[in-house]
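Report on the structure given below.
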Amino acid sequence: MAQIKVDGELIEVPDYYTLMQAAEAAGAEIPRFCYHERLSVAGNCRMCLVEVKGGPPKPQASCALSVKDLRPGPNGEPPEMFTNTPMVKKAREGVMEFLLINHPLDCPICDQGGECDLQDQAMAYGIDKSRYAENKRAVENKYIGPLVKTIMTRCIHCTRCVRFTTEVAGVSELGLIGRGEDAEITTYLERAMTSELQGNVVDLCPVGALTSRPFAFTARPWELVKTQSIDVMDAVGSNIRIDARGSEVMRIVPRLNEDINEEWISDKSRFIWDGLKSQRLDRPYLRKNGKLVATDWDSALSGVARAVRKAGAKVGAIAGDLAGVEEMYALKKLLNGLGSGHTDCRPAMSGIDPGLDRAAYIFNPTIAGIEKADALLIIGANPRKEASLVNARIRKAWRQNDMPIGLIGDKADLTYDYQYLGNDLAALKDVANGTSKFSRALKAAKHPIILVGEGALSHASQGKQAGRDVMALAAKIAADCGALSEEWNGFGVLHNAAARVGGLDIGFVPGEGGVCSADQAALCARGDIEVMFLLGADEVDMNAFGDAFVVYIGSHGDAGAHRADAILPAAAYTEKSATYVNTEGRVQMSVRAVFPPGEAKEDWAIVRALSGHLRKKLPFDSLGELRAHLYEDFPHLARLDAIKKGDVAALSSLADGGSAGSPDLVFSSPVRDFYLTNPICRASAVMGECAQLAAGASLKAAE
């Protein structure tokens, strides 16, 4: 620790702190444009100037000078800095005057208006006139993709966007070319950026040079009602803020959460909002004479009830990727009341055993814990597509610790270096037996992580046992390299669906006499299941249900709605309060930002209303009552933002199980197209354009 005086106040800070951090610790505000806490120091905007006592007779850039660089006084007094002297004031006014030399006077029409750092700091630290009367420089706008709009005349060359794409996203596609007055930020070849995190440059840009292309000129920030919620586009559970006007979601931006997403979100999370308005189911439908016909709620629920009463216990249910815990809990209660155990929330032929402890299906090291890791083995996953922000954490740890990474699965660009070990079970066995060159790196590590993806655990053609063999081998590797202890549990399953862990937690898996989702489809084809409930499940084979009566409870007209015999329109994640458990087992809750369209209702309420028509009334009439029952059965779900740890001993026993496994078992990521993974994505025109660009880039790369 070191002592320093800031504006006469003596404080104690770590000696590696910059002067800017020391000033903020003392409560002094330092303006800045180029500096950002999560990016490297550039020191090129010069807005953060301060005066240092005993230093050179000129202002100093506080972002680039550390506390330990300052000299003490002649008698050993602590060094001093000043943030509000006449020298500092004059220096900041001069810097602001220089920054505004070429900046266009288009504040009234700039899409950054109301959220512009340049505007705010010009008012706070600038002067009311300029001495420059020369013509302003103009810069041609660049095309960098369908997500980010450029007005490069406004650019002040802070290089935040360049540093973010290079350091955090790991895609070196933006850069500064030219010198002096000819300097420009560009994508070099003026092609669309390919990073799944590129939308974050919109938040980073302190001026209006980079703005959201889909959101441009649709609303002003002060018109929007802001709701803090949770993202469900993957299993990370990123914290987001939903901005809405009236009944429309206008944009989605990130919220700070150091344990999960820091201050970033993926492009899918950010730009999905136009899909919330398209292809919506806003009224109930029943199939009559082979065609879906719009009807009222009472008729639709009565029609479903007739089919269920006729089927008796021959009823099944599959939960989709976006289902909340409350609706899964309600549907499970309903099916149990009908005498059916046919419930499942896992992919087809998943190796996740519902009888195992929680430690066997959550990401035990936690997302923030990745930064402590000193070795990582990825099995059957592509984190860049399945969980972009987990991939960014891995890259961060790799840059900081030079962490060795091994990959068994699809060979892909993950934005960091790794040792490619193969893509099949034989490669995994080599690591387990200690014959792989990567085994030594794992055993030498103090905090190794064994990351198992769903591509390694779900094998539709090989059966459930194949995935269980993989899990047993992965647990054995974790045990052998010392990753299973009370101090450090390095075994983690990376899910790609927001509903998965919550469904497993409440037991939305085959109950007594029940079978998994793939086997339920087979029973439908044989006529042994007569009614099938799809709770937003669109990622299943719709042709496998035979003549079963399919009831689709969901928000969008996707594959499930096309196959359905009855459609009960439900709310999207922005239109309901629901509990979600992310891949690390953290319990979070979404908050309703707008109301569902038309006659659509919240999913749990639909299930509750159906139970009344079936004379199997569920024991709750409100969301509060439902949650009271839920928390009584599963107390850990009441502890928001907390993680219930799994039993390490259960993982150690799992390592002793498993059989030889199929020798030709190949691991491949289940996510083929990052932009089209769920019904909301597929309804989004923006995501469709991104998918087309990505497919075109892949074809060019293949050529």
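Region 374-411 and region 318-335 have Cα centres lying 32 Å from one another. Relative to the longest principal axis of the Cα atoms of the chain, the long axis of helix 297-311 makes an angle of roughly 50 degrees.
Each DSSP beta bridge with both residues in region 402-518 is either parallel or antiparallel, and the antiparallel ones are about 10%.
For region 380-488, the list of GluC sites (Glu not before Pro) that fall in a loop by DSSP and count at most 16 other C-beta atoms within 10 angstrom reads GLU486, GLU487.
Between THR218 and GLU12, the C-beta separation translates, for a Förster distance of 30 Å, into a calculated FRET efficiency of about 0.05. DSSP beta bridges fully contained in the chain are about 55 percent antiparallel.
Could you give the angle, 0 to 90 degrees to the nearest 10, between helix 623-633's Cα long axis and the longest principal axis of the Cα atoms of the chain? Once rounded, the angle reads 80 degrees. Taken as Cα centroids, region 108-187 and region 220-297 sit 30 Å apart, rounded to the nearest whole angstrom. Taking θ as phi - 60° and the Karplus parameters 6.51, -1.76 and 1.60, the scalar couplings of region 115-127 work out to 9, 9, 5, 4, 4, 5, 6, 5, 5, 7, 10, x, 10 Hz in sequence order, x denoting glycine and proline. Each stretch of four or more DSSP H residues adds -39500 (n - 2.57); spread over every residue of the chain, this sum gives -8000 deg cm²/dmol at 222 nm. May I ask for the net charge around PRO510, where only other residues with Cβ less than 9 Å from the Cβ of PRO510 are counted and Lys, Arg are +1 while Asp, Glu are -1? For residues surrounding PRO510, the net value is -3. Beyond 32 Å in Cα-Cα separation lie the following of the pairs LYS226/LYS396; LYS68/LYS268; LYS68/LYS226; LYS314/LYS464: LYS68/LYS268; LYS68/LYS226. For the chain, the solvent-accessible area of protein heavy atoms averages 40 Å² per residue (probe radius 1.4 Å; ligands and nucleic acids excluded).
Within 10 Å of each candidate Cβ there may be at most 14 other Cβ atoms; applying that plus a DSSP loop requirement, which GluC sites (Glu not before Pro) in region 108-179 survive? Intermediate values should be presented prior to the final figure.
Details: sites: GLU115, GLU134, GLU140, GLU167, GLU173; in loops: GLU115, GLU134, GLU140, GLU173.
For GluC sites (Glu not before Pro) across region 108-179 that sit outside H, G, I, E and B with at most 14 neighbouring Cβ atoms in 10 Å, the list reads GLU134, GLU140.
Per-residue SASA remark: PHE533, around 0 Å² accessible (1.4 Å probe; ligands, DNA and RNA not included). Taking 7 Å steps out from each Cα toward its Cβ at LYS58 and SER461 produces label points 6.9 nm apart.
Got a sec? Which residues in region 411-429 would a label at ARG191 touch, if it sits 7 Å along Cα→Cβ and we count backbone N under 15 Å? Under cut-off, by backbone N: 413. Assuming a ≥ b ≥ c are the square roots of the Cα gyration tensor eigenvalues, decide whether region 455-606 counts as rounded (a/c under 1.5), prolate (otherwise, with a/b larger than b/c) or oblate. Cα axes put region 455-606 in the oblate bin. Phi angles of region 179-184 translate, via the Karplus equation with coefficients 6.51, -1.76, 1.60 and θ = phi - 60°, into HN-Hα couplings of 9, x, 5, 8, 5, 9 Hz per residue; Gly and Pro are given as x. For region 588-699, rounded, prolate or oblate, judged on the Cα gyration tensor with a ≥ b ≥ c (square roots of eigenvalues), a/c < 1.5 rounded, else prolate if a/b > b/c? Oblate is the answer for region 588-699, as a/c is 1.5 or above yet b/c matches or exceeds a/b.
Dividing the Cα radius of gyration of region 401-488 by its Kirkwood radius returns 0.96 for Rg/Rh. Applying the criteria of a DSSP loop state and at most 12 other Cβ atoms within 10 Å to the GluC sites (Glu not before Pro) of region 255-328 yields GLU258. Normalise the Debye intensity by I(0) for region 136-218, one equal point scatterer per Cα, no solvent, then take log10 at q = 0.10, 0.13, 0.21 Å⁻¹ and round to two decimals. So the normalised log intensities are -0.21, -0.35, -0.96.
Per the 1.4 Å probe, what fraction of the accessible area of region 198-249, in percent, lies on carbon and sulfur atoms?
Ligands and nucleic acids excluded, carbon and sulfur give 51 percent.
In whole percent, how big is the carbon plus sulfur part of the accessible area of region 444-564, probe 1.4 Å, protein atoms only? That share works out to 47 percent. Projecting the Cα positions of ALA359, ILE477, PRO635 onto the charge dipole of the chain (unit charges on Cβ atoms of Lys, Arg, Asp and Glu, taken about the Cα centre) puts PRO635 furthest along the positive direction. The tail of the calculated P(r) for the chain, taken as Cα-Cα distances beyond 43 Å, holds 32 percent of the pairs. Entry note, the chain: relative contact order of 15 percent, from Cα contacts under 8 Å with a spacing of 6+ residues. Of the whole protein surface, THR435 contributes about 100 Å² of accessible area at a 1.4 Å probe radius.
Assign one of three labels to region 248-340, namely rounded, prolate or oblate, based on the Cα gyration tensor with a ≥ b ≥ c the square roots of its eigenvalues; rounded applies when a/c is under 1.5, prolate when it is not and a/b is larger than b/c, and oblate otherwise. Judged from the Cα gyration tensor, region 248-340 comes out oblate (a/c at least 1.5, b/c at or above a/b). Annotation: amide H of VAL493 within the under-5 Å range of ILE362, PHE363, ASN364, VAL452, sequence separation 5 or more or interchain, hydrogens built in the peptide plane.
Take the Cα of ARG306, go 7 Å toward its beta carbon, and the backbone nitrogen atoms of region 526-558 under 15 Å from that spot belong to 549-550. Take every pair of alpha-carbon atoms less than 8 Å apart whose residues are at least six positions apart; their mean separation over the length of region 25-146 yields a relative contact order of 21 percent. If R0 is 30 Å, the Cβ-Cβ spacing of ALA426 and SER485 corresponds to a FRET efficiency of close to 0.55. Round to a whole angstrom and tell me the spacing of the C-alpha centers of region 427-470 and region 527-579. So the separation of the two Cα centres works out to 34 Å. Taking every alpha-carbon pair under 8 Å whose residues sit at least 6 apart, region 185-273 reaches a relative contact order of 26 percent. Cα-based values for region 1-46, radius of gyration first and Dmax second, are 11.3, 30 Å. Surface composition of region 586-688: carbon plus sulfur atoms contribute 55% of the solvent-accessible area (1.4 Å probe, protein chains only, all chains present). One compactness figure for region 565-641 is 1.21, namely its Cα radius of gyration divided by 2.2 N^0.38 Å. Principal-axis analysis of the Cα atoms of the chain puts helix 685-702 at an angle of about 80° to the longest axis.
In this structure the amide hydrogen of ILE240, modeled in the peptide plane, comes within under 5 Å of the amide hydrogens of SER229, ILE230, ASP231, ARG255, none closer than 5 places in sequence on its chain.
Each of the trypsin sites (Lys or Arg not before Pro) that DSSP puts in a loop and that has at most 10 other Cβ atoms within 10 Å breaks the chain; the longest unbroken stretch is 180-614.
Building the convex hull from the alpha-carbon atoms of region 338-467 and averaging its projection over directions returns 9.3 nm². For region 119-184, the spherically averaged projection of the C-alpha convex hull amounts to 6.3 nm².
Charges were assigned to the Cβ only: +1 to each Lys and Arg, -1 to each Asp and Glu. The resulting dipole of region 250-373 about its Cα centre is roughly 1000 debye.
Put simply, the amide H of LEU484, placed in the peptide plane, has neighbours under 5 Å in GLY490, leaving out anything fewer than 5 places away on its chain.
Backbone phi angles across region 344-356, fed through the Karplus curve with coefficients 6.51, -1.76 and 1.60 (θ = phi - 60°), yield HN-Hα couplings of 7, 10, 9, x, 4, 6, 6, x, 6, 7, x, x, 7 Hz in residue order; Gly and Pro are listed as x.
Sorted from longest to shortest, the spans of the Cα atoms of region 58-167 along the three principal axes equal 59, 38, 25 Å.
The values are calculated or read from the model by the stated rules, or taken from the named source; none is laboratory data. Everything numeric in this text was worked out from a predicted model, so none of it was measured. Because the Cβ atoms are built from the backbone with ideal geometry, glycine has one as well, and the counts that use them run over all protein chains shown. What goes into the accessible areas is simple: the full protein's heavy atoms, side chains included, and nothing from ligands, DNA or RNA. Shrake-Rupley method; radii C 1.70, N 1.55, O 1.52, S 1.80 Å.
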